[in-house]
There are 2 protein chains.
Amino acid sequence: MRDLDRIIHEPARLQIVALLAAVKEADFLFLQRETALTKGNLSSHLGKLEETAYVEIEKTFRGKIPLTVVRLTPKGRVAFTEYRKALNGLMRKSQ
Amino acid sequence: MRDLDRIIHEPARLQIVALLAAVKEADFLFLQRETALTKGNLSSHLGKLEETAYVEIEKTFRGKIPLTVVRLTPKGRVAFTEYRKALNGLMRKSQ
DNA sequence: ACAGACTAGTTTGCGGTACAGACTAGTCTG
DNA sequence: CAGACTAGTCTGTACCGCAAACTAGTCTGT
């Protein structure tokens, strides 16, 4: 059954995934600014996306300040494509 | 902020609203078959859509058997259009 | 006449989860 | 040394989706 992937469907994560699909790589602050999520929230959503291996999170340093870089994995990219297809399938019915 | 309408965003209800946008009028059984939801589930989702006045529910009889007909209200139609716009806005970023 | 299936629900209880806000920990800036 | 910044984790609340059980009436077959 072509169902909507709940992990991606959640608006906060949909934003994140859509952004990552576009930019290929983003740091924590950029994502926070774009999505307007609180730190805690963004952190836990990224955690969930990492659990399902849709993103990979690289913790590095910019000088001595921690820098978290997030990237979509191939699996995540596929899932997002599938999600778009499922969504289009739903939407197509409505016209 | 152009956010996604949570009432519509829920997959089950998204299906319902998309179907109603297409057919203009549908009975309970048709919706149940199309969405593959349980009765209880469909019932409560319809209840939620009715609360927000996105659909109107007319309870009539086909002969002596109860027949529930569901229709999208103008408000519901507008909300769905807005939803599609918001979604397209999100998706556009990802290419 | 009666069992079983059908329409169309309501109610209940479980489990999951999004979200804000408080807390931690280290760093740089004035 | 205070205050702001990066990047979190943790906690508690409050909601919500979902299945399953229950209600209530009707029709179908034997």
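Residues in segment B:12-31 that are in contact (Cβ under 8 Å) with a residue 40 or more places away in the chain and not hydrophobic (A, V, I, L, M, F, W, C) were compared, and the one that is surrounded by the fewest Cβ atoms within 10 Å (Cβ to Cβ) is B:Lys24.
Considering only residues that are in a helix (DSSP H, G or I) and of a type in the set (Asp, Glu), look in segment B:9-57 and name the one that is farthest from B:Lys75 (Cα to Cα). Give the derivation first.
Initially, segment B:9-57 is screened for residues in a helix (DSSP H, G or I), giving B:9, B:11-23, B:28-35, B:39-51.
Filter again for of a type in the set (Asp, Glu), leaving B:34, B:50-51.
Working: B:Glu34: 23, B:Glu50: 11, B:Glu51: 12 Å.
Checked segment B:9-57; the qualifying residue farthest from B:Lys75 (Cα to Cα) is B:Glu34.
Among residues of segment B:80-95 that are at negative phi and aliphatic (A, V, I, L, M), those with a Cβ under 8 angstrom from a residue that is at pLDDT below 90 and surrounded by 14 or more Cβ atoms within 10 Å (Cβ to Cβ), sequence gap 6+ or separate chain, pair up as B:Ala86/B:Leu4; B:Leu87/B:Leu4; B:Leu90/B:Leu4.
For segment A:26-34, indicate whether the set of residues that are away from chain B (no Cβ under 14 Å), away from DNA strand C (no atom under 14 Å from the Cβ), charged (D, E, K, R) and within 11 Å of the chain's Cα centre (by Cα) is non-empty. Walk me through how you get there before you give the answer.
Looking only at segment A:26-34, we keep the residues that are away from chain B (no Cβ under 14 Å), and these are A:27-29, A:32.
Now narrow it down to the ones that are away from DNA strand C (no atom under 14 Å from the Cβ): A:27.
Next, only the ones that are charged (D, E, K, R) stay: A:27.
Among the residues that remain, those that are also within 11 Å of the chain's Cα centre (by Cα) are: none.
Checked against the condition, which is being away from chain B (no Cβ under 14 Å), away from DNA strand C (no atom under 14 Å from the Cβ), charged (D, E, K, R) and within 11 Å of the chain's Cα centre (by Cα), segment A:26-34 yields no hits at all.
Conditions tested, residue by residue: (1) farther than 17 Å from A:Ala18 by Cβ; (2) acidic (Asp, Glu); (3) surrounded by fewer than 12 Cβ atoms within 10 Å (Cβ to Cβ); (4) touching a strand residue (DSSP E or B) at 6+ places or on another chain (Cβ under 6 Å).
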position: A:Ala53; (1), (2), (3), (4): yes, no, no, no
position: A:Arg62; (1), (2), (3), (4): yes, no, yes, no
position: A:Thr68; (1), (2), (3), (4): yes, no, no, yes
position: A:Gly89; (1), (2), (3), (4): yes, no, no, no
position: A:Lys93; (1), (2), (3), (4): yes, no, no, no
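In the condition set (1) within 10 Å of DNA strand C (Cβ to nearest atom); (2) in a loop (DSSP other than H, G, I, E, B); (3) charged (D, E, K, R), A:Asp3 is compliant with all but (1).
I need the full set of residues from segment A:64-95 which are polar (S, T, N, Q) and within 12 Å of another protein chain (Cβ to nearest Cβ), in order please. Talk me through it step by step, then tell me what you get.
Residues of segment A:64-95 that are polar (S, T, N, Q), as a first pass: A:68, A:73, A:81, A:88, A:94-95.
A:Thr81, A:Asn88, A:Ser94, A:Gln95, listed by residue number.
Checked against (1) within 16 Å of DNA strand C (Cβ to nearest atom); (2) without any contact (Cβ under 8 Å) to a residue 12 or more places away in the chain, A:Leu49 passes all but a single condition, namely (2).
For beta carbons closer than 6 Å, sequence separation of 6+ or different chains, a first residue in segment A:32-45 that is farther than 15 Å from A:Glu10 by Cβ and near DNA strand D (Cβ under 10 Å from one of its atoms) and a second that is in a helix (DSSP H, G or I) and modelled with pLDDT of 90 or more, the qualifying pairs are A:Gln32/A:Leu42.
The values are calculated or read from the model by the stated rules, or taken from the named source; none is laboratory data. The shown structure was predicted, so the numbers you read here are calculated from the model rather than taken from an experiment. Here the Cβ is made from the backbone with ideal geometry for all residues, glycine too, and neighbour counts use every protein chain on show.
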